[in-house]
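The values are calculated or read from the model by the stated rules, or taken from the named source; none is laboratory data. Because the structure is predicted, anything quoted here is derived from the model rather than measured. Cβ placement follows ideal geometry from the backbone for every residue including glycine, while neighbour counts extend to all protein chains displayed. Heavy atoms of the whole protein, side chains included, go into the accessibility calculation; ligands, DNA and RNA do not. Shrake-Rupley method; radii C 1.70, N 1.55, O 1.52, S 1.80 Å.
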Amino acid sequence: MILSFHTQFLVELALLLAPLGFLYLEKGGKNFFDKARKELFLKKIDFFSALKLFLIALVMLYIEIFLLSSLGALDTYKVERTVRGLAVHSILLAFTLTPVAEEVLFRGYLQARIGLLLSSFLFSASHIFYGSIAQLVGAFSISILFGLWLRKKKNLFDCILAHAFVNAFSI
């Protein structure tokens, strides 16, 4: 299912604003943005740390592709077919607003509240519209990797940038 650019933009914006709204209800008051920045692990951007995470993710995805191909379950053509049907501005969203919204929601907000496995399952499920087993497996494993990275480094910007790199590279 391909959404129009405006619909996709509004969905991504809602994904980004929902955790901030919930945090406001939880924390509220003075210095809300400072509290939210701490709660969501939004620290100084470390480009090289994000690049390292991206490279680890890339190796992991290639291993998954090899394994799925060996099992006869590689169906990435479904993702390719969907991406080819997207307009340029929708593709631009895939490595700009989408990584920010998804990482803030799934890693920054949900992971701390429902745990790594459940937030990763939900992240993977949000990619079901591609109709690809490979996409679901890849999204789940990337989510686990990014979630573990966030636990260790405590910087969501690494995950956001690595997610943007993965999306840009895979498109």
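Here are the numbers for the structure shown:
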| item | result |
| --- | --- |
| From Phe5, Phe33, residue being of a type outside the set (Ser, Thr, Tyr) and either surrounded by 12 or more Cβ atoms within 10 Å (Cβ to Cβ) or within 22 Å of His127 (Cβ to Cβ) (or both) | Phe5 |
| Arg151 part of a helix (DSSP H, G or I), open to solvent by 20 Å² or more (accessible area, probe 1.4 Å) and modelled with pLDDT of 95 or more | yes |
| Filtered residue count, the range 79-119, keeping only those that are within 22 Å of Leu17 (Cβ to Cβ), among the polar types (S, T, N, Q) and in a helix (DSSP H, G or I) | 4 |
| Among the residues listed as Ile128, Ile114, Ile91, the single one being more than 11 Å from the chain's Cα centre (by Cα), within 14 Å of Gln8 (Cα to Cα) and surrounded by fewer than 21 Cβ atoms within 10 Å (Cβ to Cβ) | Ile91 |
| For His127: the one exception among (1) touching an Asp or Glu at 6+ places or on another chain (Cβ under 7 Å); (2) more than 18 Å from Ser49 (Cβ to Cβ) | (1) |
| Of the criteria (1) closer than 15 Å to Thr76 by Cβ; (2) modelled with pLDDT of 95 or more; (3) surrounded by 20 or more Cβ atoms within 10 Å (Cβ to Cβ), which one Val137 fails | (3) |
| Flag if Val79 is of a type outside the set (D, E, K, R) and free of Cβ contacts under 8 Å to residues at least 24 places away in the same chain | no |
| Meets criteria (out of contact with any Leu (no Cβ under 8 Å at 6 or more places or on another chain) and of a type in the set (Val, Ile, Thr)) for Ile63 | yes |
| Output for the range 36-51, where each listed residue is free of Cβ contacts under 8 Å to residues at least 24 places away in the same chain and either outside any helix (DSSP H, G or I) or open to solvent by 90 Å² or more (accessible area, probe 1.4 Å) (or both) | Arg37, Lys38, Phe48 |
